[in-house]
Amino acid sequence: MENPVIIFGANGIAKAALEIFNSHEVVVFGFLDDDVSWHGKEINGVSVLGATDDHGFLKLIGKKTEAFVAVDENAYRKGLVKMINEKRKKMPVNAIHSFVHIPESVFLGHGNFINAGVVVGASARISNHCLINSGVVIDHDVELGDFVQVGAGSVLNAGVKVEAEAFIGSGVTIVSGVTIGEGARVGAGSVVVADVSKGQTVFGNPASLVAG
């Protein structure tokens, strides 16, 4: 990546994203965040420049800089991605830690955050804007839809399918061939042995439906 990156968001995974870009010797131009209490502050020497809709900085994307969206609340994340798509006709770049194993056979979309120690198996498919935290194992032929989040240390065994906007907590094990439906949530530490329907929340070992 030749151009510097503007990171949208200044908290949580934004700091991890900064470290990832630094490790690849990619310059981070600055952060943009809608929380005014961050404005003017620095994170590891990089300034929080202003709000996410600041046209003075948005106009640089696609010309002199790239963009990465570093917020973990899905509605907010989706809104920022949409704004970048519509105003700058660009997709956010990936932030992938140096200590990640991704074979050439893997399909990898745009705007993904993949932290240290992640191992991805052959022919897996990671769509767009996913958040994959440290130490996750994504076995061969796994499919992740857009805006999926996977917590640290989770294991997605071969052939698992996780549909768009699903949330997988930390330390989860999903057995081979299971489908996690769109927008479903799996609680931390769960062992999922059967399909989870769209919008459902499950927890436990074996995971069972949590009453709404």
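The values are calculated or read from the model by the stated rules, or taken from the named source; none is laboratory data. Since the structure is predicted, the reported quantities are computational estimates derived from the model, not experimental observations. Cβ coordinates were reconstructed from backbone atoms using ideal geometry, including for glycine residues, and neighbour counts include every protein chain displayed.
Against the conditions (1) touching a residue at least 24 places away in the same chain (Cβ under 8 Å); (2) buried (at least 19 other Cβ atoms within 10 Å of the Cβ), residue 202 satisfies every one except (1). Can you say whether residue 110 is buried (at least 23 other Cβ atoms within 10 Å of the Cβ) and closer than 18 Å to residue 21 by Cβ, as far as the supplied structure shows? No. What about residue 41, is it more than 20 Å from residue 94 (Cα to Cα), out of contact with any Pro (no Cβ under 6 Å at 6 or more places or on another chain) and among the basic types (Lys, Arg)? Considered against the rule, which asks whether it is more than 20 Å from residue 94 (Cα to Cα), out of contact with any Pro (no Cβ under 6 Å at 6 or more places or on another chain) and among the basic types (Lys, Arg), residue 41 comes out as yes.
Only one of these is buried (at least 20 other Cβ atoms within 10 Å of the Cβ), under 19 Å from residue 178 (Cβ atoms) and acidic (Asp, Glu): 143, 165. Name it.
Result of the check over 143, 165: 165.
For residue 76, the conditions (1) of a type in the set (Phe, Trp, Tyr); (2) surrounded by fewer than 17 Cβ atoms within 10 Å (Cβ to Cβ); (3) under 26 Å from residue 124 (Cα atoms) all hold with the exception of (3).
Look through 116, 75, 95, 122 and report the one residue that is under 18 Å from residue 23 (Cα atoms), over 11 Å from the mean Cα position of the chain (by Cα) and hydrophobic (A, V, I, L, M, F, W, C). Break it down stepwise before answering.
Values: 75 fails: under 18 Å from residue 23 (Cα atoms); 95 fails: over 11 Å from the mean Cα position of the chain (by Cα); 122 fails: under 18 Å from residue 23 (Cα atoms).
Exactly one residue qualifies, and that residue is 116.
From (1) in contact (Cβ under 8 Å) with a residue 60 or more places away in the chain; (2) buried (at least 19 other Cβ atoms within 10 Å of the Cβ); (3) out of contact with any His (no Cβ under 7 Å at 6 or more places or on another chain), pick out the condition that doesn't hold for residue 4. Only one criterion is unmet by residue 4, namely (2).
Suppose we filter 170, 208, 197, 176 for residues that are crowded, with 16+ Cβ neighbours inside 10 Å and either of a type outside the set (Lys, Arg) or modelled with pLDDT of 95 or more (or both); which single one remains? Step through it out loud before you land on a result.
Details: 208 fails: crowded, with 16+ Cβ neighbours inside 10 Å; 197 fails: crowded, with 16+ Cβ neighbours inside 10 Å; 176 fails: crowded, with 16+ Cβ neighbours inside 10 Å.
The match here is 170.
Of all the numbered requirements in (1) among the charged types (D, E, K, R); (2) over 19 Å from the mean Cα position of the chain (by Cα); (3) closer than 21 Å to residue 167 by Cβ, residue 87 misses one, and that requirement is (3). So residue 109 ticks every box in (1) modelled with pLDDT of 95 or more; (2) assigned by TED's automatic domain parsing to the domain that holds residue 133; (3) farther than 13 Å from residue 129 by Cα but one. Which box is left unticked? Here residue 109 meets the rest and fails (3). In the range 8-22, the condition of being assigned to a loop (DSSP other than H, G, I, E, B), over 17 Å from residue 131 (Cβ atoms), modelled with pLDDT under 95 and among the polar types (S, T, N, Q) is met by no residue.
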